[in-house]
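Have a look at the structure below before the remarks.
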2 protein chains.
Amino acid sequence: MKQWRPEEYSKLYRDSLLENVIPFWEKHSPDWTNGGYYTCLDRQGNVYDTDKFLWLQGRQAWMFSLLYQQVEPREDWLAMAKLGISFLSNYGRDHNGDFYFSLTKEGAPLVQPYNIFSDCFAAMAFGKYGLVSGEKVYTDQAVGIFQRILERQANPKGKYNKAFPGTRPLKNFALPMILSNLCLELESLLPSEMVEKTLDDCIREVMVNFLDPETLLMFENRTLENEFSDTFEGRLLNPGHAIEAMWFMMDIAKRRGDQQLADRAVEIMLKQLERGWDKEYGGVFYFLDSKGHPPQQLEWDQKLWWVHLETLVALAKGYEHTGNPECMAWFEKVHNYAWGKFYDPKNGEWFGYLNRKGEVLLDLKGGKWKGCFHVPRALFQVWKSLEKGLR
Amino acid sequence: MKQWRPEEYSKLYRDSLLENVIPFWEKHSPDWTNGGYYTCLDRQGNVYDTDKFLWLQGRQAWMFSLLYQQVEPREDWLAMAKLGISFLSNYGRDHNGDFYFSLTKEGAPLVQPYNIFSDCFAAMAFGKYGLVSGEKVYTDQAVGIFQRILERQANPKGKYNKAFPGTRPLKNFALPMILSNLCLELESLLPSEMVEKTLDDCIREVMVNFLDPETLLMFENRTLENEFSDTFEGRLLNPGHAIEAMWFMMDIAKRRGDQQLADRAVEIMLKQLERGWDKEYGGVFYFLDSKGHPPQQLEWDQKLWWVHLETLVALAKGYEHTGNPECMAWFEKVHNYAWGKFYDPKNGEWFGYLNRKGEVLLDLKGGKWKGCFHVPRALFQVWKSLEKGLR
């Protein structure tokens with residue numbers, strides 16, 4: 001696997017999406033009895049647990065809606081999307097309209113709405129599904145959920161927030177990062193002032209407030225004054241998160257025709273990758289402490305599927321938007337690592353969790369956090385970004 | 001390291017406690033300025049973070065009170081205990097009297113009282129310190145905290161509980177397990193009916209309700225009817241937890257003169273050890289799924305200091321109480337693993353976190369969860385259990 005041309009990568013990613021990954025989820029995940037999807041799938045695709053996690057229900061419904069919209073209007077893909085949309089719609093929300101974190105297979109609530117990203121991925125799903133199906137009830141719901149997310153932004157965990165108020169207020173990178181993607185996803189449904197204001201806010205948060213201008217490292221948590229906090233939370237780096245955010249920024253740059261923003265996103269993305277890359281064993285670390293202290297996360301040195309897939313997307317888009325040859329060189333390196341370690345040639349789809357040395361730690365294809373999302377979305381994005389070939 | 005006599009082990013554990021481990025914490029942890037202890041200590045003992053976690057404040061104050069009571073009434077040990085007691089007493093509790101999870105170094109609350117084990121270890125500390133110092137205010141507080149723990153038992157997380165009520169009510173092993181130790185700790189301070197009732201309840205929970213009678217495996221979570229739940233939580237095994245609970249049971253058996261209980265605890269302990277032992281790389285796994293499915297815990301295959309130290313205590317006590325030669329054979333095996341991998345001959349004390357292969361994953365000596373507790377308590381317990389030599 002080397003010295004391929006961009007369009008050869010593009011073809012591999014397209015073929016793998018349509019012939020390997022999507023068929024895996026079509027075959028193993030739908031729950032035609034209760035609605036929704038099973039995501040706890042073992043190496044072969046067998047269901048080993050039936051709980052339904054709302055992040056993954058929303059993400060899979062979005063994914064099949066995207067395929068219908070962007071690849072081919074196949075009725076079975078629309079039906080697959082609808083399966084998750086109906087389940088979310090029937091069982092997903094509490095009396096406030098907030099989304100639970102998980103449900104039983106039949107849809108009874110298991111874990112309370114403590115996690116606003118359930119709502120983010122539900123909005124993403126309803127928006128895309130509503131657009132492709134033409135069912136206005138779902139686009140309306142998407143807008144309503146989006147507005148409620150903006151309202152909850154200051155305290156997204158609500159009463160489940162365990163931080164004592166006032167002692168050490170910190171803000172977290174994840175929500176502005178996800179909003180920068182969600183806002184573009186829902187763009188056609190939202191008032192344009194709301195879109196522009198949200199994008200402006202996201203760009204400022206992501207590209208300025210969470211960034212250390214000296215090192216160009218992106219931090220997971222900052223003080224309310226956008227300063228470094230010398231605490232476990234404040235020192236935390238999550239290179240995969242930061243790299244994923246950079247391709248969201250490239251998408252905004254493209255939408256706005258802002259080449260400066262694209263160039264800056266590529267520069268920052270490459271910095272996270274240099275810092276996050278494990279020079280001894282290859283792969284990108286999950287968590288690091290910016291001062292080199294021991295992080296609290298025991299899984300800090302593990303290699304996770306989504307980190308590597310989002311890195312491939314960011315590199316492909318970086319190449320597409322800037323032609324920077326470093327992007328293509330890094331793409332080749334990360335591609336070889338990821339396809340050599342995560343991809344399962346025997347049973348299809350990708351492993352999710354490797355140890356530091358790149359050995360499989362858990363051989364599941366799906367679980368509480370891994371579903372039909374990062375693998376197919378990244379395959380789709382790389383396919384499209386590299387389709388046009390050499391720049 | 002092999003074919004030692006029990007009293008030789010005993011001497012090693014005693015010497016290591018008094019000449020290596022306790023001096024490490026005496027030198028590096030006290031915060032004489034603000035009170036309390038620093039526990040985030042790097043390999044050399046340098047403070048790398050100043051937050052104070054209440055589990056560890058209570059546990060260290062208890063540890064030094066125990067040394068004063070059981071080893072030697074040294075004034076500096078009492079002062080060290082008092083340092084944590086005053087800090088807990090001044091800053092530890094919210095307006096309900098519940099203990100925060102963490103504080104800044106100055107004592108400002110950081111994380112709310114969502115975790116009842118902060119209260120358990122505070123009660124343990126106040127009780128022991130009150131007894132050895134003769135300051136009745138602390139023994140009174142210990143009794144009050146203990147009563148409040150019993151009141152909160154049905155919903156220990158209070159409003160921070162994220163489980164939706166009623167869908168899948170499960171009970172967790174940790175609280176009855178910890179109560180079985182705490183109740184003996186506070187025995188002399190509590191009404192005897194309360195002690196006997198609490199011990200009876202704990203024995204029933206631990207030895208019957210959380211145990212699968214076929215396999216003798218101890219489960220972390222059971223239904224309210226004491227049944228297996230075929231869910232992530234219900235399938236979860238934590239061999240270190242179960243093994244530690246078995247030495248708590250042996251202590252109760254000794255206190256009650258109940259040889260049958262001691263024998264049963266040894267039998268169950270050995271089963272967890274056989275199941276939990278990593279036959280490929282040695283050491284005891286952190287988490288397992290009882291059906292062999294992928295656990296949710298990414299750290300499942302790591303080797304943790306406390307698991308191995310509590311196993312050594314359980315084996316030493318098992319040998320002391322039953323003379324079972326399997327206990328001594330296992331002791332030797334676990335001893336060789338633990339002293340070869342966790343003990344740090346260069347800088348003293350023990351590493352906390354190894355990867356599956358036994359390589360150091362984080363070289364800290366203390367952090368959010370590791371303080372002055374499992375290492376010194378286990379060294380003390382093994383010293384005392386094996387002191388009398390061969391049975």
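A few comments on the model shown:
- A:V307 being in the same structural domain as A:R391 (by TED's automatic domain parsing) and either closer than 21 Å to A:G366 by Cα or within 16 Å of the chain's Cα centre (by Cα) (or both): yes
- Checking each residue in region A:188-212 for being part of a helix (DSSP H, G or I) and in contact (Cβ under 8 Å) with a residue 40 or more places away in the chain picks out A:S188, A:L189, A:T198, A:L199, A:C202, A:I203, A:V206, A:M207.
- Contact map, region A:294-313: first residue in contact (Cβ under 8 Å) with a residue 12 or more places away in the chain, second residue among the acidic types (D, E) and in a helix (DSSP H, G or I), Cβ cut-off under 7 Å, separation 6 or more or different chains; pairs are A:E310/A:E244.
- All positions within region A:333-344 that are part of a helix (DSSP H, G or I) and open to solvent by less than 30 Å² (accessible area, probe 1.4 Å): A:V334, A:H335, A:Y337, A:A338, A:W339
- Lone unmet requirement of (1) within 11 Å of another protein chain (Cβ to nearest Cβ); (2) in a strand (DSSP E or B) for B:K171: (1)
- Test result for A:D263, open to solvent by 20 Å² or more (accessible area, probe 1.4 Å) and either touching a Ser or Thr at 6+ places or on another chain (Cβ under 7 Å) or at positive phi (or both): yes
- Filter pass, A:R148 being at the interface with chain B (Cβ under 10 Å from one of its Cβ atoms), open to solvent by 30 Å² or more (accessible area, probe 1.4 Å) and in contact (Cβ under 8 Å) with a residue 40 or more places away in the chain: no
- Being closer than 27 Å to A:I178 by Cβ and either in contact (Cβ under 8 Å) with a residue 24 or more places away in the chain or open to solvent by 10 Å² or more (accessible area, probe 1.4 Å) (or both) is a property that A:N46 lacks.
- For region A:352-391, the set of residues classified as assigned to a loop (DSSP other than H, G, I, E, B), open to solvent by 40 Å² or more (accessible area, probe 1.4 Å) and among the hydrophobic types (A, V, I, L, M, F, W, C) consists of A:W369, A:L390, listed by residue number.
- Any chance A:D76 is open to solvent by 10 Å² or more (accessible area, probe 1.4 Å), assigned by TED's automatic domain parsing to the domain that holds A:G127 and not β-branched (V, I, T): yes
- Residue that is nearest to the other protein chains (Cβ to nearest Cβ) [pool: residues in region B:342-383 that are among the small types (G, A, S) and more than 17 Å from the chain's Cα centre (by Cα)]: B:G358
- Some residue of region A:325-332 being hydrophobic (A, V, I, L, M, F, W, C), under 17 Å from the mean Cα position of the chain (by Cα), in the same structural domain as A:D258 (by TED's automatic domain parsing) and open to solvent by 40 Å² or more (accessible area, probe 1.4 Å): no
- Checking each residue in region B:282-293 for being open to solvent by less than 70 Å² (accessible area, probe 1.4 Å) and either closer than 20 Å to B:C327 by Cβ or out of contact with any strand residue (DSSP E or B) (no Cβ under 6 Å at 6 or more places or on another chain) (or both) picks out B:G282, B:G283, B:V284, B:F285, B:F287, B:D289, B:G292.
- Tabulated pairs, region B:336-361, first closer than 15 Å to B:Q302 by Cα, second polar (S, T, N, Q) and open to solvent by 10 Å² or more (accessible area, probe 1.4 Å), C-beta under 7 angstrom, 6+ apart or interchain: B:N355/A:N355; B:L361/B:N355
- The residues on offer are A:K279, A:K254, and the sole one that is surrounded by fewer than 22 Cβ atoms within 10 Å (Cβ to Cβ) and closer than 17 Å to A:Q302 by Cα is A:K279.
- Filter result (hydrophobic (A, V, I, L, M, F, W, C) and either open to solvent by 10 Å² or more (accessible area, probe 1.4 Å) or closer than 26 Å to B:G340 by Cα (or both)) within region B:266-276: B:V266, B:M269, B:L270, B:L273
- Scan of region A:294-322 for residues that are closer than 15 Å to A:Y337 by Cα, within 14 Å of chain B (Cβ to nearest Cβ) and either in contact with a strand residue (DSSP E or B) (Cβ under 9 Å, 6 or more places away or on another chain) or of a type in the set (S, T, N, Q) (or both), ordered by number: A:Q302, A:K303, A:L304, A:W305, A:V307
- Residue within region A:123-143 that is buried (at least 21 other Cβ atoms within 10 Å of the Cβ) and within 14 Å of chain B (Cβ to nearest Cβ) present: no
- Given (1) away from chain A (no Cβ under 14 Å); (2) open to solvent by less than 10 Å² (accessible area, probe 1.4 Å); (3) out of contact with any Ser or Thr (no Cβ under 8 Å at 6 or more places or on another chain), index of the condition B:I116 fails: (1)
- Any hit, region B:240-261, residues being within 14 Å of chain A (Cβ to nearest Cβ) and touching a Lys or Arg at 6+ places or on another chain (Cβ under 8 Å): no
- Of all residues in region A:300-323, those satisfying the criterion of being buried (at least 19 other Cβ atoms within 10 Å of the Cβ) and assigned to a loop (DSSP other than H, G, I, E, B) are A:W300, A:D301, A:Q302.
- For region B:15-26, filtering for residues that are within 21 Å of B:G58 (Cβ to Cβ) and open to solvent by 20 Å² or more (accessible area, probe 1.4 Å) leaves 1.
- The one condition in (1) open to solvent by less than 30 Å² (accessible area, probe 1.4 Å); (2) assigned by TED's automatic domain parsing to the domain that holds B:L83 that B:P156 fails to fulfil: (1)
The values are calculated or read from the model by the stated rules, or taken from the named source; none is laboratory data. Quantities reported herein were computed from a predicted structural model and do not represent experimental measurements. Cβ: placed from backbone, ideal geometry, glycine included. Neighbour counts: every protein chain shown. Heads up: the accessible areas ignore ligands, DNA and RNA and are worked out on the full protein's heavy atoms, side chains in. Shrake-Rupley method; radii C 1.70, N 1.55, O 1.52, S 1.80 Å.
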